[in-house]
1. From the set of residues in the stretch 261-270 that are assigned to a helix (DSSP H, G or I) and open to solvent by less than 60 Å² (accessible area, probe 1.4 Å), which is farthest from Asp234 (Cα to Cα)?
2. Arg218 passes all but one of (1) in a loop (DSSP other than H, G, I, E, B); (2) free of Cβ contacts under 8 Å to residues at least 40 places away in the same chain; which number fails?
3. Which one is farthest from Ser165 (Cα to Cα), of the residues in the stretch 236-247 that are at pLDDT below 95 and in contact with a Gly (Cβ under 9 Å, 6 or more places away or on another chain)?
4. Within the stretch 138-152, is even one residue in a helix (DSSP H, G or I), open to solvent by 10 Å² or more (accessible area, probe 1.4 Å), of a type outside the set (Val, Ile, Thr) and in contact with a helix residue (DSSP H, G or I) (Cβ under 9 Å, 6 or more places away or on another chain)?
5. Going by what's in this entry, would Pro63 be described as at pLDDT 80 or above, more than 19 Å from Tyr92 (Cα to Cα), surrounded by 13 or more Cβ atoms within 10 Å (Cβ to Cβ) and of a type outside the set (Gly, Ala, Ser)?
6. Return the pairs, sorted by first residue and then second, in which the second residue is in a loop (DSSP other than H, G, I, E, B), the first residue lies in the stretch 201-215 and is hydrophobic (A, V, I, L, M, F, W, C), the beta carbons are less than 6 Å apart, and the residues are 6+ apart or on different chains.
7. Of the residues that sit in the stretch 22-52 and are open to solvent by less than 60 Å² (accessible area, probe 1.4 Å) and hydrophobic (A, V, I, L, M, F, W, C), which one is nearest to Ala76 (Cα to Cα)?
8. Residue check, Leu129 against (1) part of a strand (DSSP E or B); (2) modelled with pLDDT of 90 or more, all met but one. Which one?
Amino acid sequence: MPRSRPAGRNSDDLDPESADEHIDVHAAPDPATATPEQARKYNNRSVERVVSMLNVLQESPEPMSLVEIHRSIRMAKATAFRYLWTLEKHRYVERDGDGRYRLGLGFVGMQSRDLEVLQDRARPWLERLRDETGETTNLGVLDGTAVRYVEVAESSRAVRMVSVSGSRDPLHCTALGKAIAAQLPASQVTELLEQVDLKPRTSRTITSSDQLLDELDRIRRQGYAIDDGENEEDGRCVAVAILGTRLPAALSVSAPASRFAMGDVPGVAARLTEIADALAGDPNGQSIGG
């Protein structure tokens, strides 16, 4: 006797390989204008529920508890937890120490609009700070286990520190990377440390997980990160994380160490903090990506 099919299950879910040959994507209606009858034929209820869950998390200014999520989307708590567990496994959501959920690092590459907004707003600030200091200024975001430079205002000096927009550097030996890592949940830092090889770039590079964790604690206390010849022998860089956004991002000033004295670092860090605070909110006080 054939097995009965649960109500609401699409045949594609049960036999995807055989179903593929019967699909004509050009015959399907536009999802934006589909009638309710057409939507019933093509819509996948499980995906719809996951999207609803992600929308709730995106719209929430604060991490949400499991109870808050399941009540918001009217989903059974056990079902909501299974979805969240799977999304967490693939890094599309993350849990903080209190068990509350927010969008995870898996979405960083997908938050193109948020990144465009941040880049557009950061560019004039970076150029202004470059002119104030005479040194190269950078905007970086977390990209997997590295930091990616997304905006660079290059110094006009003959001898200068330069990073190419779109290039990537390790988290553990860059001020940008350490500033970002210092603001991540402890579970994410642990996960990153399991994936990265703390290779030395110079004789001053941190190559121990314990040393890096101590460094991140120090960064959280002082409010800024320093790369003191850790990525390049003669380079020095100071960076500040941009808080209050959905993007793990930071700003930095980099220069040859001979021209950027350690005594100048706190003042530059204070200026970076002012700019980061300005970028974290729009004129109405709303956060970027919020």
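The values are calculated or read from the model by the stated rules, or taken from the named source; none is laboratory data. Only a predicted model underlies this, so the values are computations on that prediction, with no experimental measurement involved. With ideal geometry, Cβ positions are generated from the backbone for all residues, glycine too; neighbour counts draw on all protein chains shown. Each accessible area value is taken on the protein alone, full model and side chains, heavy atoms only, with ligands, DNA and RNA left out. Shrake-Rupley method; radii C 1.70, N 1.55, O 1.52, S 1.80 Å.
1. Only one residue tops the list, namely Ala270.
2. (1)
3. Once the filter is applied, the top-ranked residue is Gly244.
4. Checking the stretch 138-152: not a single residue is in a helix (DSSP H, G or I), open to solvent by 10 Å² or more (accessible area, probe 1.4 Å), of a type outside the set (Val, Ile, Thr) and in contact with a helix residue (DSSP H, G or I) (Cβ under 9 Å, 6 or more places away or on another chain).
5. Considered against the rule, which asks whether it is at pLDDT 80 or above, more than 19 Å from Tyr92 (Cα to Cα), surrounded by 13 or more Cβ atoms within 10 Å (Cβ to Cβ) and of a type outside the set (Gly, Ala, Ser), Pro63 comes out as no.
6. Note: pairs meeting the criteria are Ile206/His172; Leu212/His172; Leu212/Ile206.
7. Per the stated criteria, the residue is Val50.
8. Among (1) part of a strand (DSSP E or B); (2) modelled with pLDDT of 90 or more, the lone unmet condition for Leu129 is (1).
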